[in-house]
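Visitor: This is the structure, below, for whatever I ask next.
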Amino acid sequence: RVHTGEKPFACEVCGQRFIQKTHLTIHMINHTGQKPFVCDVCGQRFRHRTGLNTHIKIHTGQKPFGCDVCGQQFRQRTALNLHNRIHTGQKPFSCEVCKKTFSQKSYLNTHMVKHTGEKPYACNLCGQPFRHKTSLNAHMSIHTGEKPFACDFCGQQFRRKTNLNAHVRIHTGQKPFACDICEQKFYQRANLKSHMRIHTGGKSLVCDDS
C-alpha cells in the first residue's frame, strides 16, 4: 500500500484516510479526546505515547539532544532545532506589514500585536487591557501587592524584574547609559534623559530638517 498509495481505512468523523488500521486508531483519539497514556509519577494524561515519553523527561531531567555549537541540551529535538537558529541566524517567519523577520512563529505572533493594536489580555479586577500576558501578570501585582523579585544584596523587593535590574546596578556600580556629549554614565536611562537637558537647554534632541 505504501507503493500503491491505497488508503482503505477512513475516519468516519472527518474522512481522513490511512494505510493501516493502527494509524486510524491513533487518529481517532483526536476526535474522542481520550488520553490513555498516564504518567506514573504525577498522573498527567496524554493522547499519544510520544507525548508521555517527552513528558517523562521532565521528571528524569533527561536532555538527550545537545547543541553542537554551544553544548546546551534539550528534552526535544524540535526545541534543539529552534535553538540552532540562534547560531545560524535563520529567521523564516516574516511580518507581512514591516517585513521584520523572526526565528520562531511565536515571536512573530507577539510582534503582530504592535500592528493590529489588539490587547487580548484584560485584568479581571479593573478591566485594563494589555497586549502581552507578561504585561498583565506584572499589572496584577498592583492589585495583589505581590513583589516577587527580591534583591540578592539587600533583600528589597520589586513588582517588576526590570525595576530589580535597575536597582541591582546601585550595588554593582554598573552604569550602562552614557552621555554621548560628555560621557557621564548613569544607572538608569531616565537619569540620562534628565541629564541631557543640561546640554540641550531643556529642549528635546530632535534633528532640524531645515
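Visitor: When you check Asp68 against the structure, is it in a loop (DSSP other than H, G, I, E, B) and farther than 19 Å from Ser103 by Cα, yes or no?
Guide: Spelling it out, it is not the case that Asp68 is in a loop (DSSP other than H, G, I, E, B) and farther than 19 Å from Ser103 by Cα.
Visitor: Report, by residue number, each residue of region 157-171 that is farther than 22 Å from His143 by Cα and among the basic types (Lys, Arg).
Guide: Arg169
Visitor: If you go through region 1-56 one residue at a time, how many are within 27 Å of the chain's Cα centre (by Cα) and not in a loop (DSSP other than H, G, I, E, B)?
Guide: The total comes to 11.
Visitor: Let me ask something else. If we scan region 73-84, do we find a residue that is surrounded by 13 or more Cβ atoms within 10 Å (Cβ to Cβ) and in a loop (DSSP other than H, G, I, E, B)?
Guide: Taking region 73-84 and keeping what is surrounded by 13 or more Cβ atoms within 10 Å (Cβ to Cβ), we get 73-76, 79-80, 82-84.
Going one step further and asking which of them are in a loop (DSSP other than H, G, I, E, B), we end up with 75-76.
Within region 73-84, one or more residues are surrounded by 13 or more Cβ atoms within 10 Å (Cβ to Cβ) and in a loop (DSSP other than H, G, I, E, B).
Visitor: Determine if region 98-110 includes at least one residue that is surrounded by 13 or more Cβ atoms within 10 Å (Cβ to Cβ), among the charged types (D, E, K, R) and either farther than 30 Å from Pro129 by Cβ or in contact (Cβ under 8 Å) with a residue 40 or more places away in the chain (or both).
Guide: No: region 98-110 contains no residue that is surrounded by 13 or more Cβ atoms within 10 Å (Cβ to Cβ), among the charged types (D, E, K, R) and either farther than 30 Å from Pro129 by Cβ or in contact (Cβ under 8 Å) with a residue 40 or more places away in the chain (or both).
Visitor: Take Thr25 and decide whether it is out of contact with any strand residue (DSSP E or B) (no Cβ under 7 Å at 6 or more places or on another chain), of a type in the set (Ser, Thr, Tyr) and surrounded by fewer than 11 Cβ atoms within 10 Å (Cβ to Cβ).
Guide: Values: out of contact with any strand residue (DSSP E or B) (no Cβ under 7 Å at 6 or more places or on another chain): yes; of a type in the set (Ser, Thr, Tyr): yes; surrounded by fewer than 11 Cβ atoms within 10 Å (Cβ to Cβ): no.
No, not satisfied.
Visitor: Let me ask you something else. Tell me, please, whether a residue that is on the phi < 0 side of the Ramachandran plot and among the acidic types (Asp, Glu) can be found in region 145-160. Steps first, answer last, please.
Guide: Filtering region 145-160 down to residues on the phi < 0 side of the Ramachandran plot leaves 146-154, 156-160.
Then keep just the ones that are among the acidic types (Asp, Glu); that gives 146, 152.
Checked region 145-160: at least one residue is on the phi < 0 side of the Ramachandran plot and among the acidic types (Asp, Glu).
Visitor: Looking at Ile56, Ile29, can you tell me which residue is in contact with a His (Cβ under 8 Å, 6 or more places away or on another chain) and of a type in the set (A, V, I, L, M)? If you could, list the steps in order and put the result at the bottom.
Guide: Working: Ile56 fails: in contact with a His (Cβ under 8 Å, 6 or more places away or on another chain).
Going through Ile56, Ile29 in turn, just one is in contact with a His (Cβ under 8 Å, 6 or more places away or on another chain) and of a type in the set (A, V, I, L, M): Ile29.
Visitor: Then there is this: Based on what the data block shows, is Ile181 β-branched (Val, Ile, Thr), assigned to a helix (DSSP H, G or I) and farther than 27 Å from Leu108 by Cα?
Guide: Numbers: β-branched (Val, Ile, Thr): yes; assigned to a helix (DSSP H, G or I): no; farther than 27 Å from Leu108 by Cα: yes.
For Ile181, the condition - β-branched (Val, Ile, Thr), assigned to a helix (DSSP H, G or I) and farther than 27 Å from Leu108 by Cα - is not met.
All of the numbers you see were taken from the coordinates with simple rules; none came from a lab. Model, not experiment: these values are computed from the prediction. Note that we place each Cβ from the backbone using ideal geometry, even for glycine, and neighbour counts take in every protein chain shown.
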